[in-house]
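Below: one structure, written as structure tokens.
The values are calculated or read from the model by the stated rules, or taken from the named source; none is laboratory data. This is a predicted model, so every value here is computed, not measured. Quick reminder, even Gly has a Cβ in these numbers, built from the backbone with ideal geometry, and neighbours come from all protein chains shown.
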Amino acid sequence: MTENKSTNPKENSIFKPTNNHFLDHNGCKVADIWIELKDQRDLKFICQELKGKDNIYDHKAISQFIGMKKQAFRNVLYVNKRIKQENFAKFINLVRTQLGADYLIKLFGVDDIPHKKIIGRAGHIRIHLPRNKITSEFVGIMLGDGQMGRDLKKVRICLNDIDEKEYFTYVRKRILKTLFKGITFTISKKKGDKGSVLRCKIKAVHLSLLELGLIEGNKVVNQVEVPQWIKDDKAMDLNITNGCVKGLFDTDGSISVKEIDNRFYLTFDNESKRLVKDFHKMLTKLHIKSVLSPSSTRCGIYAYREIRKFLRVIKPEKFKESSKRLWLGLKLLYSHAPTDIQTQVKRKITRWLKRHGKKRYIYGFYRTLLLKHWLEASMRKYCILKVNGLPFHRVITFNMIKSSITTAMDYDRVKYQHIKTTNSYKIIRFPEKLRRLICVVIANYIKGSRLPANNEIIQHIRNFIE
């Protein structure tokens, strides 16, 4: 014999109170969403209407039906105006069932009670980030140097505010203030550490990032990848793809100068193989040729034509950083300086490395200033009059640095010559070492007051090839 259950909500409490979190469509726990009523009197009036219907739905019955305790429901009516989203949805369903499907429309003009959604008890309004270029750039920054905690509120971005001071300001004042208006990211810094951490503990921010497809927890363990909505970018200008590439490169990318042949090259390194592969695919989508390493942890751009295209299309902030440009320019000036100056500067670098227990003299703000000081001192000692065709007056100027970088970027364009053959013009590439050899040969013959004959130059070239 089956037990007959009463239909009276006072006797049956089928909805139990739940915690403040709910599961999204993927089954992942996300931040709690609350409803803040525009006016508590609206809710009180509707409760009176429900109670007047057969005197069944008093406060206790309503609270049981929507899954709340009586005192908690009374607090919503008389104290804080806030109710959890799942409880509010059940209350709306009760009103439509008991008072009619069109009751709310007649009362408010819409099929709902006037309210706004907020995230967590702090009361921040839910944030819906637009899926545009600046948002995709922020996604790239988070994939590179960001981190999301599993507590549903912590968001961190670790940046270097000494070596990349301008980029730190760009992220804080341009990106974050544009996307999260009225929300402050605090700055924390450990003593003696270059890195500064931008922190936020607001659930609304955390939830907005989850909705963009970012994953909480360890990025390497999770092998993070670019969210699908960025991969699906099919706009003519590919602005969303462009923004994500920029954010990734500005955080985990690098611009360097090869010491062997003084060539620029760009690299993107990350321990997430999926992310590096996505970076490579996005570059291909932007018609920029790149090379993916066998381990899939590095993507490099080595051809000068592709480097120029990348800098023109992506416009990375890393290349605009004044201290970084100074470092690149100084490296080029050092490599083209006379042998005596190179030897003296190299001796100082070796002593510095030994004193500080370092293996390599890599980029850093203070190391850049040191290199500049050493180069200037050596140039003054050897009475250098001109640098890149510009007069040298005891200091290396901005124009000298700019000229060095511009010349290096255009260098590849003069490495090809049109040589006329019997039927057509043929493009022949001259390796840098071979060109230098020819210059040395000609210089030696000029010192001897005699220009070399064609067969003598050809013999030197053959010796080089062999």
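Give just the number: which of (1) touching a residue at least 40 places away in the same chain (Cβ under 8 Å); (2) in contact with a helix residue (DSSP H, G or I) (Cβ under 9 Å, 6 or more places away or on another chain) does residue 211 not satisfy?
All conditions are met except number (2).
Can you tell me which residue in region 41-60 is nearest to the chain's Cα centre (by Cα), limited to those that are closer than 14 Å to residue 77 by Cβ and aliphatic (A, V, I, L, M)?
Here the answer is 43.
Under 30 Å from residue 155 (Cα atoms) and small (Gly, Ala, Ser) - does that describe any residue in region 43-64?
No, region 43-64 contains no residue that is under 30 Å from residue 155 (Cα atoms) and small (Gly, Ala, Ser).
Of the numbered conditions (1) surrounded by 16 or more Cβ atoms within 10 Å (Cβ to Cβ); (2) modelled with pLDDT of 90 or more; (3) within 29 Å of residue 306 (Cβ to Cβ), residue 197 satisfies every one except a single condition; which is it?
Evaluating residue 197 over (1) surrounded by 16 or more Cβ atoms within 10 Å (Cβ to Cβ); (2) modelled with pLDDT of 90 or more; (3) within 29 Å of residue 306 (Cβ to Cβ) leaves (3) as the failure.
Taking region 130-179 as the search range and keeping residues that are among the acidic types (Asp, Glu) and in contact with a Cys (Cβ under 9 Å, 6 or more places away or on another chain), which one is farthest from residue 223 (Cα to Cα)?
In this case the residue turns out to be 137.
Quick one: which helices (runs of 4 or more DSSP H) lie wholly within region 196-261 and hold at least 3 residues that are within 14 Å of the chain's Cα centre (by Cα)?
Helices (runs of 4 or more DSSP H) meeting the threshold: 239-252.
Which of the numbered conditions does residue 410 fail, given that it passes all the others? Conditions: (1) more than 17 Å from residue 257 (Cα to Cα); (2) without any contact (Cβ under 8 Å) to a residue 24 or more places away in the chain.
Here residue 410 meets the rest and fails (1).
Tell me, which residue of region 174-193 that is at pLDDT below 90 and basic (Lys, Arg) is surrounded by the most Cβ atoms within 10 Å (Cβ to Cβ)?
That would be 189.
Scanning region 255-276 for residues that are in contact with a strand residue (DSSP E or B) (Cβ under 7 Å, 6 or more places away or on another chain) and within 19 Å of residue 220 (Cβ to Cβ), which turns out surrounded by the fewest Cβ atoms within 10 Å (Cβ to Cβ)?
The extreme case among them is 269.
With region 73-151 as the region, which strands (runs of 3 or more DSSP E) entirely inside it contain at least 2 residues that are among the basic types (Lys, Arg) and touching a residue at least 24 places away in the same chain (Cβ under 8 Å)?
82-84, 115-119
Which residue is nearest to residue 238 (Cα to Cα), if the candidates are limited to region 301-330 and must be among the aliphatic types (A, V, I, L, M) and more than 20 Å from the chain's Cα centre (by Cα)?
303
Assuming residue 100 fulfils every condition listed in (1) closer than 14 Å to residue 46 by Cα; (2) surrounded by 14 or more Cβ atoms within 10 Å (Cβ to Cβ); (3) modelled with pLDDT under 90 apart from one, which condition is it?
Status for residue 100: all satisfied but (2).
Going by the structure shown, is residue 354 closer than 27 Å to residue 162 by Cβ, in contact (Cβ under 8 Å) with a residue 40 or more places away in the chain, exposed (fewer than 12 other Cβ atoms within 10 Å of the Cβ) and of a type outside the set (A, V, I, L, M)?
No: the conditions fail for residue 354.
Taking residue 283 as meeting all but one of (1) touching a Leu at 6+ places or on another chain (Cβ under 6 Å); (2) assigned to a helix (DSSP H, G or I), write down the number of the exception.
Only one criterion in (1) touching a Leu at 6+ places or on another chain (Cβ under 6 Å); (2) assigned to a helix (DSSP H, G or I) is unmet by residue 283, namely (1).
Out of the residues in region 288-308 that are out of contact with any strand residue (DSSP E or B) (no Cβ under 9 Å at 6 or more places or on another chain) and not in a loop (DSSP other than H, G, I, E, B), which is modelled with the highest pLDDT?
Once the filter is applied, the top-ranked residue is 308.
Going by the structure shown, is residue 66 over 30 Å from residue 180 (Cα atoms), exposed (fewer than 14 other Cβ atoms within 10 Å of the Cβ), of a type in the set (A, V, I, L, M) and not assigned by TED's automatic domain parsing to the domain that holds residue 204?
no
For the condition in the same structural domain as residue 373 (by TED's automatic domain parsing) and in contact (Cβ under 8 Å) with a residue 12 or more places away in the chain, what is the one hit in 253, 300, 329?
Residue meeting the stated conditions: 329.
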